[in-house]
Structure formats: C-alpha cells, structure tokens
Amino acid sequence: MSKSEERLKALGLVLPTPTAPVANYVPFVRTGNHAHISGQLSNDGTGRIKGTLGVDVTVDEGVEAARLCGLNLLAQMKAAAGGDLDNVVRVIKLNAFVQAGPDFYDIPQVINGCSDLMVAVLGDAGRHARSAVGMYKIPLGFAVEIDAFIEVADRR
C-alpha cells in the first residue's frame, strides 16, 4: 500500500471513482510530467453540497464542500499519475471557486478544507499555491469547484 493510500486509510477516507465529464471535456490532460485536472465539484456518491455560502450554506458546510472537491481531485490525480498517488510529485496550484453571497468573505477559510486535505494525504507534495475566488454562480448549483495543476513522476 502506498504512503498516500495509508494516509487516506488513517483518515478514514476512501477515494471515489473518478467522475466522468458532464460536457465536452476530459477529466485531466497530462503533458509530460504535468497534468491539469478539470474542476471538481462538491459532490460525492451519496450526496452533494449545493447552494450559496453566506446564504444557505454555512462556513462549516463550505469547508466540507471543499474537502469533497479535494477527494474528487485526488481520485483524478491518481488516474493522471498512473494509478498511484505516490507518483504525484507536487500539487503546484489549486484554483478554487466558491458560490458566495454578497456579504460572504470567508472564502480562504472554506478552501482550507481542500488545501488541508492535500497536505494530509500527500504530505509536503500536497503544499501548493492557490487562488480562492468568490463567484456569483457555479455549474449545477454546487457550492464549491476546484481544479488543480500537478507534477507527476514519469513512471508510465
């Protein structure tokens, strides 16, 4: 079992099956040792977090929404890295989008749900640059969407 898989198990987490795109795009594009992971929504197999932060979604629910995005990102990263999260050399950058109400400013706090997960699962390889932006609307009404740019080991 890889170190990343051991960390997931210790956290009581299981990666979801990578989701298929809902439109004309691919889940990730790998070129050389880099991969761009398409935006992942605050969705899981049993439920989802939709709504607007500061209106009908609390900060704690937003943190969980970002964590769900992170789990979906990790599943796509595993696929992009040849089936082994330990082949993720570095999470270079996360671009995070929060469906935010007009007076909601705790966007960075919400996105920490994903950032903290990256470090908890990938260790130092999970430390990243990021953007955290409030949006008027996110596709399908989800509360959070996050995409990633990663470096992977060339072990294909």
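Brief remarks on what is shown
- Within region 15-51, the set of residues being aliphatic (A, V, I, L, M) and surrounded by fewer than 20 Cβ atoms within 10 Å (Cβ to Cβ) comprises 15, 20, 22, 23, 26, 29.
- The residues listed here are 12, 39, 82, 62; of these, the one that is within 15 Å of the chain's Cα centre (by Cα), not aliphatic (A, V, I, L, M) and not in a strand (DSSP E or B) is 62.
- Qualifying residue in region 123-143 (condition: among the hydrophobic types (A, V, I, L, M, F, W, C), touching a residue at least 12 places away in the same chain (Cβ under 8 Å), buried (at least 22 other Cβ atoms within 10 Å of the Cβ) and within 20 Å of residue 13 (Cα to Cα)): no
- Single unsatisfied condition, residue 7 versus (1) under 19 Å from residue 81 (Cβ atoms); (2) of a type in the set (D, E, K, R); (3) in contact with a Phe, Trp or Tyr (Cβ under 6 Å, 6 or more places away or on another chain): (3)
- Pairs, first in contact (Cβ under 8 Å) with a residue 40 or more places away in the chain in region 99-112, second of a type outside the set (Gly, Ala, Ser) and part of a strand (DSSP E or B), C-beta under 6 Å, six or more apart: 99/135; 100/53; 104/53; 107/98; 110/98
- Lone unmet requirement of (1) in contact with a helix residue (DSSP H, G or I) (Cβ under 9 Å, 6 or more places away or on another chain); (2) at pLDDT 95 or above; (3) exposed (fewer than 12 other Cβ atoms within 10 Å of the Cβ) for residue 102: (1)
- Filter result for residue 75 (under 13 Å from the mean Cα position of the chain (by Cα), within 19 Å of residue 15 (Cβ to Cβ), part of a helix (DSSP H, G or I) and small (Gly, Ala, Ser)): yes
- Hey, residue 68 touching a Lys or Arg at 6+ places or on another chain (Cβ under 9 Å), outside any strand (DSSP E or B) and either at pLDDT 95 or above or over 10 Å from residue 144 (Cα atoms) (or both) or not: yes
- Residue check, residue 56 over 15 Å from the mean Cα position of the chain (by Cα), surrounded by 16 or more Cβ atoms within 10 Å (Cβ to Cβ) and free of Cβ contacts under 8 Å to residues at least 60 places away in the same chain: no
The values are calculated or read from the model by the stated rules, or taken from the named source; none is laboratory data. These numbers come from a predicted model, not from an experiment. Note: ideal-geometry Cβ built from the backbone for every residue, glycine included; neighbour counts use all protein chains shown.
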